[in-house]
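**Student:** The structure is given below, and queries will be raised subsequently.
The values are calculated or read from the model by the stated rules, or taken from the named source; none is laboratory data. Predicted model only: the values in this text are computed from it and were never measured. Here the Cβ positions follow ideal geometry from the backbone for every residue, glycine too, while neighbour counts run over all protein chains shown.
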Amino acid sequence: MNPPAIIQSIESSGIGEWLRSTEIAMPIVNSLHVLCIVLVYGSILVVDLRLLGLRDRARAVTAVSTEMLRLTWAAFAGAVVTGAMFFAANASTYWFNNAFRFKMLAILLAGINMLVFQFVTYRKVEAWDRNASPPGAARLAGALSLLIWTAVIVLGRVIGFTKGGIEVIVPTDEDFAF
Amino acid sequence: MSLEQIATSMQSTSLSEALKDISWLVPALQSIHILMVGVVFVSMLAIALRVLGLMRAEMPLPQVWTRFAPFFWTGLAVMALTGALLTIAEPVRELMTLSFRIKVVLLAIGIASAAAFGRGVRVAAAPASGGLRVAVLATVALWLAIILLGRAIAYDTSVWGGWSPVKSLGGAAT
């Protein structure tokens, strides 16, 4: 089974070739990817816990999200760039990997959850900014975010243990690369 | 007894065998480990940014410490536990890399400095001195290094070349 032409051309692109042939490239890309991901997760957790009314209850929701989300976005951008480099290096393997597909789906869901929150719930934030416990819709967004981002990280780790579309968890190579 | 012998004998302990027998356990432990790295690193970063006056500047430092320290310590405990189990499951893969060895040393320094900082923060709520700022920047760099080294374990020979002890095992980076 062959992946679509676009996937094949990404894999055979100069950047894909360079990443595969340069020994130090993947360790660097991989380390930076993990660094970005832990920053995304840790900073979103702070915001989610505030939305859930579990921490920073005396602090305005807007203050918590403003102080954290710049870090979140910068780290997310870094994760996307390094993640794209992973993909370029082994595009067809990722294309057929179920954990990879579910991870992308989970990121999409996280985005939808964030957009709904941003453009519906957060628009009226002045009304509940200082509430120790935000309204149900905000708490739901926080809980979903926490759940989805946890899934993103778990699925990311599962990619390293799966090959192609096989669902059984098997170590693929000696370095358990992501 | 060399470290390699210790690692090899650890590999055949019943606990190590048991951990390896459950196919999903290592990925699960690694996932929890990474999630906890996120909790620990961002908690540390929040406190560091407060010391530098870049975050929650209007909030007293002891209060910021009280908010984030429990996450830091709890995350660290879970991280250490999952890390220890992963090391028992794959002792040769971990112990026989330079990245792991440096990481463990840096981690010990990181824990000791956090404990010292925690003791200090309760007695002195004074504005951050120049020395403290430098110490905080060094701490951020330290944890960055710990995280990057954690991932480098899987690529020890690519990262360290001839310095990596993996070479002496005939290239078997299990």
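**Student:** Is it the case that B:Ala89 is of a type in the set (Gly, Ala, Ser) and loosely packed, with under 15 Cβ neighbours inside 10 Å?
**Tutor:** For B:Ala89, the condition - of a type in the set (Gly, Ala, Ser) and loosely packed, with under 15 Cβ neighbours inside 10 Å - is not met.
**Student:** Just a yes or no: is a residue in segment B:123-135 within 24 Å of B:Val37 (Cα to Cα), modelled with pLDDT of 95 or more, of a type in the set (Val, Ile, Thr) and assigned to a helix (DSSP H, G or I)?
**Tutor:** No, segment B:123-135 has no match at all.
**Student:** Just checking, does segment A:90-112 include any residue being surrounded by fewer than 17 Cβ atoms within 10 Å (Cβ to Cβ), under 14 Å from the mean Cα position of the chain (by Cα) and not hydrophobic (A, V, I, L, M, F, W, C)?
**Tutor:** yes
**Student:** Hey, another quick one. Please tell me if B:Ala112 is more than 14 Å from chain A (Cβ to nearest Cβ), modelled with pLDDT under 95 and either under 22 Å from B:Phe41 (Cβ atoms) or surrounded by 20 or more Cβ atoms within 10 Å (Cβ to Cβ) (or both).
**Tutor:** Against the criterion (more than 14 Å from chain A (Cβ to nearest Cβ), modelled with pLDDT under 95 and either under 22 Å from B:Phe41 (Cβ atoms) or surrounded by 20 or more Cβ atoms within 10 Å (Cβ to Cβ) (or both)), B:Ala112 does not qualify.
**Student:** Yes or no: B:Met44 buried (at least 19 other Cβ atoms within 10 Å of the Cβ) and touching a Ser or Thr at 6+ places or on another chain (Cβ under 9 Å)?
**Tutor:** Yes: the conditions hold for B:Met44.
**Student:** A follow-up question, please. For B:Val37, only one of the following conditions fails: (1) within 13 Å of chain A (Cβ to nearest Cβ); (2) touching an Asp or Glu at 6+ places or on another chain (Cβ under 9 Å). What is its number?
**Tutor:** Of everything listed in (1) within 13 Å of chain A (Cβ to nearest Cβ); (2) touching an Asp or Glu at 6+ places or on another chain (Cβ under 9 Å), B:Val37 misses just condition (2).
**Student:** Looking at (1) at pLDDT below 95; (2) in contact with a Leu (Cβ under 8 Å, 6 or more places away or on another chain), can you tell me which one A:Gly160 breaks?
**Tutor:** So A:Gly160 meets the others, but not (2).
**Student:** Still on this structure, please answer the following. Looking only at residues that are surrounded by 13 or more Cβ atoms within 10 Å (Cβ to Cβ) and of a type in the set (Gly, Ala, Ser) in segment B:1-22, which one is farthest from B:Leu98 (Cα to Cα)?
**Tutor:** B:Ser16
**Student:** Tell me which of these B:Gly53 doesn't satisfy, since it passes every other one: (1) surrounded by fewer than 16 Cβ atoms within 10 Å (Cβ to Cβ); (2) without any contact (Cβ under 8 Å) to a residue 12 or more places away in the chain; (3) among the small types (Gly, Ala, Ser).
**Tutor:** Unmet condition: (2).
**Student:** Moving on to the next point. Over 21 Å from B:His33 (Cα atoms) and in a helix (DSSP H, G or I), is that true of A:Leu19?
**Tutor:** So A:Leu19 passes the test.
**Student:** Could you please give the count of residues in segment A:94-116 that are closer than 13 Å to A:Trp149 by Cβ and either modelled with pLDDT under 95 or among the small types (Gly, Ala, Ser) (or both)?
**Tutor:** Matching residues across segment A:94-116 total 3.
Condition check ((1) touching a strand residue (DSSP E or B) at 6+ places or on another chain (Cβ under 9 Å); (2) surrounded by 13 or more Cβ atoms within 10 Å (Cβ to Cβ); (3) modelled with pLDDT of 95 or more) across all residues:
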residue	(1), (2), (3)
A:Pro4	no, no, no
A:Val34	no, yes, yes
A:Arg50	no, yes, yes
A:Ala58	no, no, yes
A:Val61	no, yes, yes
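The rows are residues; the columns are (1) more than 13 Å from chain B (Cβ to nearest Cβ); (2) touching a helix residue (DSSP H, G or I) at 6+ places or on another chain (Cβ under 8 Å).
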position	(1), (2)
A:Glu17	yes, no
A:Ile24	no, yes
A:His33	no, yes
A:Val38	no, yes
A:Ile44	no, yes
A:Thr62	yes, yes
A:Leu69	no, yes
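A quick yes/no check of all residues on (1) in contact with a Lys or Arg (Cβ under 8 Å, 6 or more places away or on another chain); (2) at pLDDT below 95:
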position	(1), (2)
B:Ala18	no, no
B:Leu29	no, no
B:Ile34	yes, no
B:Leu45	no, no
B:Val51	yes, yes
